[in-house]
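First comes the structure, then the notes that go with it.
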Amino acid sequence: MEEFTGGDVYQKEFNPRSYLEYYKFGEGTLGDETTIFYLECLCKTFALGSMKGDTLIDIGSGPTIYQLISACEAFETIIASDYLDENLQETRKWLKNEPGAFDWSPVVKYVCELEGNRDKWAEKEAKLRRSIKQVLKCNVHLGNPMAPLSLPQVDCVLSSECLEAACSDHESYRTAVKNISSLLKPGGHLVLCGVLETTFYMVGSRKFSSLFLTEKFLREALTANGFTIVQFKTQPRVDKVMLDMCDFTALYFIVACKGTKA
Ligand code: SAH
């Protein structure tokens with residue numbers, strides 16, 4: 001088992017620019033495989049599906065916005081959040097279209113293609129920038145992850161590859177699910193995506209631990225917290241070469257409803 005890399009290690013050693021290397025889309029990085037899976041699932045759920053609402057909170061956004069591209073078709077207000085100020089700064093840089101901001105256009109173009117709107121990628125970027133109204137600090141280990149702010153409960157909470165990074169064991173994972181669930185209205189949806197059976201991932205030359213998750217454990221953790229699982233999709237890993245970057249065996253995408261589904 002890898003040594004757990006907690007919040008203090010993230011503060012000191014997580015480099016947003018190194019992490020963004022995974023998102024140089026179409027360049028054959030390990031990120032291509034994971035990103036394509038997430039984007040397809042997110043597109044089906046938010047752009048082509050029936051889920052709609054006023055507000056979505058993305059928990060542990062990191063320096064990335066790919067997870068929000070289809071979400072801005074379904075929600076008027078998006079709140080991005082992360083534990084690290086450096087990640088929030090990176091996102092703000094993109095929102096303001098500042099020089100040196102990460103170029104998400106290959107990913108945005110891909111999503112436009114999935115949504116059947118290939119030529120409108122610049123408008124899509126503008127729409128996403130308008131939808132992300134706040135970029136806030138969060139901590140999934142707090143009973144109110146957005147403390148000291150107290151936000152009204154929202155229609156959807158999304159989180160990609162965050163809880164497995166933030167939690168050291170199954171108990172803290174269950175508690176983190178409970179904490180982020182407090183941000184959600186009863187009947188609202190929790191959308192989780194990430195990597196299964198992973199022990200580590202690399203950010204530049206720094207190794208970060210990942211909590212080893214199985215489908216069985218995830219189902220239990222959600223139902224124990226009062227969620228009804230609406231969708232649980234997995235996809236086995238295709239790449240067998242870049243195992244030194246991250247040792248995941250499969251990807252997951254979950255939609256769960258807080259309470260009993262009407
Ligand atoms: N959602 C992004 C980033 C995932 S990387 C993506 O899909 O690529 C894991 C993220 O979890 C990092 O941005 C890290 O800062 C964040 N994180 C780590 N500990 C956290 C905590 N206690 N609360 C909230 N976020 C945390």
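The values are calculated or read from the model by the stated rules, or taken from the named source; none is laboratory data. These figures come from a predicted structure and were not determined experimentally. Note: ideal-geometry Cβ built from the backbone for every residue, glycine included; neighbour counts use all protein chains shown. Each accessible area value is taken on the protein alone, full model and side chains, heavy atoms only, with ligands, DNA and RNA left out. Shrake-Rupley method; radii C 1.70, N 1.55, O 1.52, S 1.80 Å.
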_Selection count where residues are under 17 Å from residue 69 (Cβ atoms) and either exposed (fewer than 13 other Cβ atoms within 10 Å of the Cβ) or without any contact (Cβ under 8 Å) to a residue 12 or more places away in the chain (or both), scope region 94-106_ = 3
*Looking only at region 1-36, which residues are within 11 Å of the ligand (Cβ to nearest atom), surrounded by 17 or more Cβ atoms within 10 Å (Cβ to Cβ) and assigned to a helix (DSSP H, G or I)?*
10, 16, 19, 20, 22, 23, 31, 34, 35
*Please find, among 50, 61, the residue that is closer than 23 Å to residue 185 by Cα, open to solvent by 40 Å² or more (accessible area, probe 1.4 Å) and of a type in the set (Ser, Thr, Tyr).*
50
*asked:* Looking only at strands (runs of 3 or more DSSP E) that lie completely in region 157-262, which have at least 3 residues being away from the ligand (no atom under 15 Å from the Cβ)?
replied: 184-196, 227-236, 250-258
*asked:* Can you find a residue that is under 23 Å from residue 196 (Cβ atoms) and within 12 Å of the ligand (Cβ to nearest atom) anywhere in region 70-80?
replied: no
*Please specify each residue of region 37-46 satisfying the condition of being free of Cβ contacts under 8 Å to residues at least 60 places away in the same chain and open to solvent by 50 Å² or more (accessible area, probe 1.4 Å).*
44
